[in-house]
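Accompanying notes for the structure given below.
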Amino acid sequence: MSSDQLRRRHRSREQRDRPGWAQRVLAIVAILAAVASLVFIEGIAVAEALATAFWTNPLFAGGVVAARDNFVVQVGGTPIAFHVTPSCSAAVLLAPALLVYGAILLIRRIPLSRALLAGATMIVVIVVTNQLRLGLIGWASQTWGMDLGYQISHRYVGSAIAIVGFTAGLVLLVRLTNGKLRSRRTRAV
């Protein structure tokens, strides 16, 4: 094979591994979404408080209501507002995750359907985990009171849940964009 043929073959492999235009657009959208999640973090906190109140309302004694970026839970017969601050919002976790997603999309070609699935999975895992964390804080406060329930669920257990959710979202993102997911049966054959 001539050196000219080798160069052409090498160039075609490089072009095949480069992200296509649709993937580059998706990467830019992911990076812009990371920035937007921080710019609009207060609005996202309001949406999270509403979502938490919606799904926890039928589960908690006395119900749960939302008021702006707070969800209100009855603790010992007293309504207590839990403020979803920017640092408690899933947006804080989504911003760096979306930046990683955008960077992965810019590095190498990934089938668009797999890239979309990976991004959506990561976002859902992080948002749902944060919702569970917020619900747990409300439940623990209602069940064990503000001194014990809130302190432990917010400071320790809630933080651990947020870290696990963020890590799980990123691990799934990398695994799904890597494209080497096969069942154990396929690998054994």
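The values are calculated or read from the model by the stated rules, or taken from the named source; none is laboratory data. Note that the coordinates shown come from a computational prediction; the quantities given were computed from them, not determined experimentally. Glycine gets a Cβ as well: all are built from the backbone with ideal geometry, and neighbour counts include every protein chain shown. Areas reflect the complete protein model, heavy atoms only, side chains present, ligands, DNA and RNA absent. Shrake-Rupley method; radii C 1.70, N 1.55, O 1.52, S 1.80 Å.
So the values come out like this:
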quantity	calculated
The listed residue being of a type outside the set (S, T, N, Q) and modelled with pLDDT under 95, out of A120, A90, A115, A61	A61
Q131 at pLDDT 95 or above and farther than 16 Å from S37 by Cβ	no
Cβ-Cβ under 6 Å pairs, at least 6 apart or on other chains, segment 83-104 side more than 23 Å from Q23 (Cα to Cα) and touching a residue at least 12 places away in the same chain (Cβ under 8 Å), far side open to solvent by 10 Å² or more (accessible area, probe 1.4 Å) and among the basic types (K, R)	none
Single unsatisfied condition, F82 versus (1) within 29 Å of R175 (Cβ to Cβ); (2) in contact with a helix residue (DSSP H, G or I) (Cβ under 9 Å, 6 or more places away or on another chain)	(1)
Single residue of segment 119-138 satisfying the filter (open to solvent by 20 Å² or more (accessible area, probe 1.4 Å) and either outside any helix (DSSP H, G or I) or aliphatic (A, V, I, L, M) (or both)) that is farthest from N57 (Cα to Cα)	A120
Verdict on A22 being open to solvent by less than 50 Å² (accessible area, probe 1.4 Å), in a helix (DSSP H, G or I) and modelled with pLDDT under 95	yes
Test: residue in segment 164-173 that is closer than 18 Å to A51 by Cα and either open to solvent by less than 20 Å² (accessible area, probe 1.4 Å) or polar (S, T, N, Q) (or both)	yes
Top-ranked residue of segment 5-19 - restricted to ones that are at pLDDT 65 or above and charged (D, E, K, R), ranked as most open to solvent (accessible area, probe 1.4 Å)	R18
Cβ pairs under 7 Å, 6+ apart, first in segment 117-133 and closer than 15 Å to L105 by Cα, second aromatic (F, W, Y)	G119/Y101; M122/Y101
Strands (runs of 3 or more DSSP E) lying entirely in segment 47-88 (those with 1 or more residues that are of a type in the set (F, W, Y), touching a strand residue (DSSP E or B) at 6+ places or on another chain (Cβ under 6 Å) and open to solvent by less than 60 Å² (accessible area, probe 1.4 Å))	70-75, 78-83
Criterion: surrounded by 15 or more Cβ atoms within 10 Å (Cβ to Cβ), modelled with pLDDT of 95 or more and out of contact with any Cys (no Cβ under 7 Å at 6 or more places or on another chain) - qualifying residue of A30, A103	A30
Residues satisfying the stated conditions in segment 91-138, i.e. charged (D, E, K, R) and within 17 Å of A45 (Cβ to Cβ)	R133
Boolean, S159 is open to solvent by less than 60 Å² (accessible area, probe 1.4 Å), assigned to a helix (DSSP H, G or I) and either more than 30 Å from G63 (Cα to Cα) or touching a Gly at 6+ places or on another chain (Cβ under 9 Å) (or both)	no
